[in-house]
Amino acid sequence: MQEAAMTPLVLAVLVFIAAHSLPASPPVRAALIRRIGKPAYMLAYSALSLLLIVWIGVAYRQAPYIGLWGPDPRLHWVPLLGMPVVCLLVSAGLATPNPLSLTLRRSASGQTGQTGLTTQVPPLLRLSRHPVLLGLALWAGLHGVANGDVASLILFGLMGGLALGGMAMMDLRRRRRLGDAVWLPLAAAAPRLNLLALPSALRPRRPLLLALLAAALLYGLLLHAHQPVIGVSPLPW
């Protein structure tokens with residue numbers, strides 16, 4: 001009976017994954033943009049994503065609690081201590097010029113661009129060429145561990161898998177668009193994950209300080225909004 005009550009959550013997450021996987025296919029995306037135009041496509045895609053997130057939230061809150069290794073109050077510290085790293089990866093990733101992955105700065109004069117960068121990649125990309133997706137995967141893992149129940153394993157497991165799978169899909173698309181002559185040197189200089197580059201990525205510099213400020217603001221916003229939006233306090237006390 002409890003297993004059947006998980007069906008709405010599983011369905012919501014699968015629809016979310018399908019809605020973010022199918023339009024990401026270049027032929028499908030190109031066909032939709034040709035048919036309705038890019039502004040309408042972006043608006044529809046954003047509206048659909050928002051509705052699906054709301055659906056997932058409602059289904060998750062209504063799912064029965066089936067404990068696996070939880071509840072354990074000590075595990076509440078896992079996301080509390082790990083989320084600053086997530087916020088930094090997402091904030092710095094969106095602010096870093098990156099032709100290989102998600103960013104708000106696709107190009108920067110003299111450094112990035114459709115065929116730029118060569119091997120002179122920003123320090124963050126030497127840590128990971130997918131910092132935003134890495135942050136989302138870490139977010140999913142932290143919350144899955146902290147909750148320790150079946151519903152959380154379904155939700156955060158599939159969302160983490162979507163983030164990790166998105167790295168592979170994005171590599172395929174970028175390699176196809178940039179060509180091997182450009183993509184291969186970039187991928188070699190900016191691996192999916194290289195923890196040995198962490199000291200260089202954390203070396204004090206203006207972009208990092210701005211990213212730290214943005215991450216602190218994001219972290220504070222998440223702490224403040226977590227209970228009103230999710231219905232559960234993120235604090236372990």
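The values are calculated or read from the model by the stated rules, or taken from the named source; none is laboratory data. What you are looking at is a predicted structure, and each value in this text was computed from that prediction instead of being measured. Ideal geometry is used to build each Cβ from the backbone, glycine not excepted, and the neighbour counts take in all protein chains shown. Side chains included, ligands, DNA and RNA excluded: accessible areas come from the protein's heavy atoms. Shrake-Rupley method; radii C 1.70, N 1.55, O 1.52, S 1.80 Å.
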| request: Mind checking which of GLN227, VAL58, VAL85 is farthest towards the positive end of the chain's charge dipole, using Cβ charges of +1 (Lys, Arg) and -1 (Asp, Glu) about the Cα centre? | output: VAL85
| task | Relative to the longest principal axis of the C-alpha atoms of the chain, give the angle of the C-alpha long axis of helix 77-95, reported between 0 and 90° and rounded to the nearest 10°. | result | 30
| In degrees, nearest ten, helix 180-189 long axis to first principal axis of the chain (Cα) | 60
| Which distance in Å, rounded to a whole number, links the C-alpha centroids of the range 1-73 and the range 203-237? | 24
| request: Please work out the average accessible area per residue across the chain, using the 1.4 Å probe convention, and give it in Å². | output: 56
| Which value, in debye to the nearest 20, describes the size of the charge dipole of the range 1-87 about its Cα centre when Lys and Arg Cβ atoms bear +1, Asp and Glu Cβ atoms bear -1, and nothing else is charged? | 480
| field | Environment charge of PRO191, counting only residues whose C-beta is closer than 15 Å and scoring Lys/Arg +1, Asp/Glu -1 | value | +4
| If the viscosity is 0.890 mPa s and the temperature 25 °C, what Stokes-Einstein diffusion coefficient in µm²/s follows for the chain when Rh is the Kirkwood radius over Cα pairs? | 126
| note | Measuring from the longest principal axis of the C-alpha atoms of the chain, the long axis of helix 131-147 (C-alpha) lies at a number of degrees, nearest 10, equal to 20
| Tail beyond 16 Å, pair distance distribution of the range 190-235 (Cα, percent) | 58
| request: Keeping the other protein chains in place, figure out the carbon and sulfur percent of the accessible area of the chain, with a 1.4 Å probe. | output: 71
| note | Using alpha-carbon positions, the gyration tensor of the range 140-202 gives root eigenvalues a ≥ b ≥ c; with a/c under 1.5 called rounded, otherwise prolate if a/b exceeds b/c, else oblate, the class is oblate
